[in-house]
1. Among (1) farther than 23 Å from residue 189 by Cβ; (2) within 10 Å of the ligand (Cβ to nearest atom); (3) touching a helix residue (DSSP H, G or I) at 6+ places or on another chain (Cβ under 7 Å); (4) not in a helix (DSSP H, G or I), which single condition is residue 91 missing?
2. Here are some residues: 164, 168, 155. Which one is surrounded by 13 or more Cβ atoms within 10 Å (Cβ to Cβ), under 22 Å from residue 128 (Cβ atoms) and within 16 Å of the ligand (Cβ to nearest atom)?
3. Output yes when any residue across region 73-87 is modelled with pLDDT of 95 or more, within 16 Å of residue 27 (Cβ to Cβ) and in contact with a helix residue (DSSP H, G or I) (Cβ under 7 Å, 6 or more places away or on another chain), and no when none is.
4. Which of the residues spanning region 198-215 are under 28 Å from residue 54 (Cα atoms) and either in contact (Cβ under 8 Å) with a residue 60 or more places away in the chain or surrounded by 11 or more Cβ atoms within 10 Å (Cβ to Cβ) (or both)?
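The values are calculated or read from the model by the stated rules, or taken from the named source; none is laboratory data. Just so it is clear, the model here is predicted, and its values are computed rather than measured. Glycine also receives a Cβ, built like all others from the backbone with ideal geometry; neighbour counts cover every protein chain displayed.
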Ligand SMILES: NC(=O)c1ccc[n+]([C@@H]2O[C@H](COP(=O)([O-])OP(=O)(O)OC[C@H]3O[C@@H](n4cnc5c(N)ncnc54)[C@H](OP(=O)(O)O)[C@@H]3O)[C@@H](O)[C@H]2O)c1
């Protein structure tokens, strides 16, 4: 029997040529106020958000919920004001001076045994989850631990390297992409899914759930079609 794991949604904004950021991997600040509100609403709907260390390195911060309406809604549902913010870093090489570590959000670190050597549970991290993070099975086992900690809804905020791992492990259910009106280019610029990629014949297939246009941006929602379980 398959053990439960969280319902997992990836939320990203990309340029019209499919880049998450410029080739210098600067923080992506090209989304509109409507896109920021959309992202904050997805964060508010989650029990935890997960992001890669390079995303945190780019911004130095995470996105706390500040909208009074969203905070009230979470309170009415009996949820904590902010979801868990989980940073994934194999190396554990994170700068404790980043503003992230002063933000009013609960923080977890997902890391390897080597990465965990640099950190203890305390002011920086409320929980440290240790796993080899080497195979798809490792990732499945991490995700299967999450419901026991009250994480039924997980929002993945990037970047492309982490998303590639999760898609390859069959752990992503939904993809929300905001198509933004600019062209970034650059061979090395991150995309929604980097990693080694899939041959087209076995590429994961998506089902378009909705399309919404707001001013110059297009909000796309896809469901990831999972192959039927084999017994
Ligand atoms: N437009 C958007 O919506 C959006 C959203 C997010 C990010 N971005 C942009 O995307 C860029 C960052 O994305 P990225 O693809 O370079 O990196 P990323 O996925 O954010 O982070 C990569 C890092 O995360 C850890 N990691 C990821 N997958 C792992 C795995 N399978 N096992 C163990 N550790 C893993 C590793 O950390 P360690 O190196 O510490 O071991 C790795 O170097 C930035 O430029 C950011 O601005 C844009």
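1. For residue 91, the exception is condition (1).
2. 155
3. yes
4. 198, 204, 205, 206
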